[in-house]
Amino acid sequence: MARALINAPAKAKRGDIIEIKTLISHNMETGFRPDNTGKAVPRDIITDFICKYNGQEIFRAELFPAIAANPFLTFYTVATESGTLSFEWTGDNGFTATESVDITVE
Amino acid sequence: MTRDDDMPQATRRRFLIEAATLAGAVGIALPLAVKPASATPESMRAAIRKVVGEAPLNKGRVKIDVPPLIENGNAVPLTISCESPMTAGDYVKAIHVFSEKNPQPNIVGVQLGPRSGRAAVSTRIRLADSQKVIAIAQMSDGSFWSNEAEVIVTLAACLEGV
């Protein structure tokens, strides 16, 4: 399981715009880089990222080899209700990772 | 005087030897090297067409925040933001980022909605060469807005060997 870091506020006021930062360890092999025999190393990247707020999708990103290793994404959402923010990464060679954080909205 | 006459000969001899060595090295290295694929501006235009379709592409409303001079193309901080009230009736639906000279034209594509609150996204990208980065935002009314940024890269990403 890849290590993922999430930075989101644990508490927020209703209606506030909150910033969510995510980072996951993955080397994002581009598929264009030659190894020492001169052949290109096969592509191995994370292709999709989805963030859900209480089960409802609020953010989705499609990633390409041009994303740096250890994909880092920052985005925003409106704090509407207390609940869970869940994060899901999927990629080449059956890669999946999930992470979730709780948020209290008052 | 004789010394002066010798000098050019010596350098010419050295030049010939070096040129021969270099030619030999290139001859050996070429068949082994992976031909770096590169997204020419045409393939970037094709990738943009795929997203935009036949709709007109307007200039403006999108802001690209990227350093103009990059030392290492392997991790370039990039922030794209877009002017929008982000209400249920008027919001940014998607943001796509394209590169001119990377092996592949697409960099990233994100889907937003009225629940995003703010149409802004940050990430770290790879750039293979000094080039133009283009960001396109799709609004909820179906219009497309774009902007571009010029970036100079000192050490390129992805194409060098291990």
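Have a look at chain A and give its Rg and Dmax from the Cα atoms, expressed in angstrom.
Rg then Dmax for chain A, in Å: 16.1, 59.
How large is ³J(HN,Hα), in whole Hz, for each residue of the range B:93-110 in order, when computed from phi with the Karplus curve 6.51 cos²θ - 1.76 cosθ + 1.60 and θ = phi - 60°, using x for Gly and Pro?
Result, rounded to whole Hz: 7, 7, 10, 10, 10, 10, 10, 8, 10, 6, x, 10, x, 6, 10, 7, x, 10.
Against the 2.2 N^0.38 Å scaling, with N counting residues, where does the range A:52-102 land? I'd like the Cα-based Rg ratio to two decimal places. Present the calculation step by step, with values, prior to reporting the outcome.
On the way: Rg = 12.5 Å, N = 51, 2.2 N^0.38 = 9.8 Å.
Its radius of gyration relative to the 2.2 N^0.38 Å reference: 1.27.
For B:LYS93, go through the aspartates and glutamates and keep the ones whose alpha-carbon is under 15 Å away, minus same-chain ones fewer than eight residues off.
Cross-link targets: A:GLU57, A:GLU62, B:GLU83, B:ASP141.
Show me A:79-92, B:50-63, B:142-155 ranked by packing, highest mean number of other Cβ atoms within 10 Å first. Display every interim value, and only then the final one.
Working: A:79-92: 17.4, B:50-63: 12.9, B:142-155: 15.6.
The densest-packed peptide leads the list: A:79-92, B:142-155, B:50-63.
With r defined as the distance between the Cβ atoms of A:GLU81 and B:SER122 and R0 fixed at 25 Å, what FRET efficiency is calculated, to the nearest 0.05?
So, using R0 = 25 Å, E works out to roughly 0.45.
Would you mind calculating the gained length between B:LYS50 and B:THR87 on full extension (0.36 nm times residue separation, minus the Cα-Cα distance), in nm to one decimal?
Extra length from B:LYS50 to B:THR87 when fully extended: 10.6 nm.
Treat the range B:30-162 as a sphere of radius equal to its Kirkwood radius over Cα pairs and apply Stokes-Einstein at 4 °C in a medium of 1.567 mPa s; give the translational diffusion coefficient in µm²/s, rounded to a whole number. Mind showing how you got there, number by number?
Values: Rh = 15.5 Å.
Here the translational diffusion coefficient equals 84 µm²/s.
Counting partner chain Cβ atoms within 10 Å of every residue's Cβ in A:53-61, what's the average?
4
Take peptide B:124-134, look around each residue's Cβ out to 10 angstrom, count Cβ atoms belonging to other protein chains, and average those counts. Don't skip to the end; give the middle numbers.
Numbers: counts 8, 6, 9, 2, 3, 0, 0, 0, 0, 1, 0.
Counting other chains' Cβ atoms within 10 Å and averaging over B:124-134 gives 3.
Take peptides A:59-71, A:35-47 and line them up by average Cβ neighbours within 10 Å, highest first, as a rough protection proxy.
A:59-71, A:35-47
Please report, for the Cα atoms of the range B:34-80, the Rg to one decimal and the Dmax as a whole number; what are they, in angstrom?
14.4, 40
Readers should treat all values here as calculations from the given coordinates under stated rules, not as data from a laboratory. This one's a predicted model, so the numbers in the text were calculated from it and none came from an experiment. With ideal geometry, Cβ positions are generated from the backbone for all residues, glycine too; neighbour counts draw on all protein chains shown.
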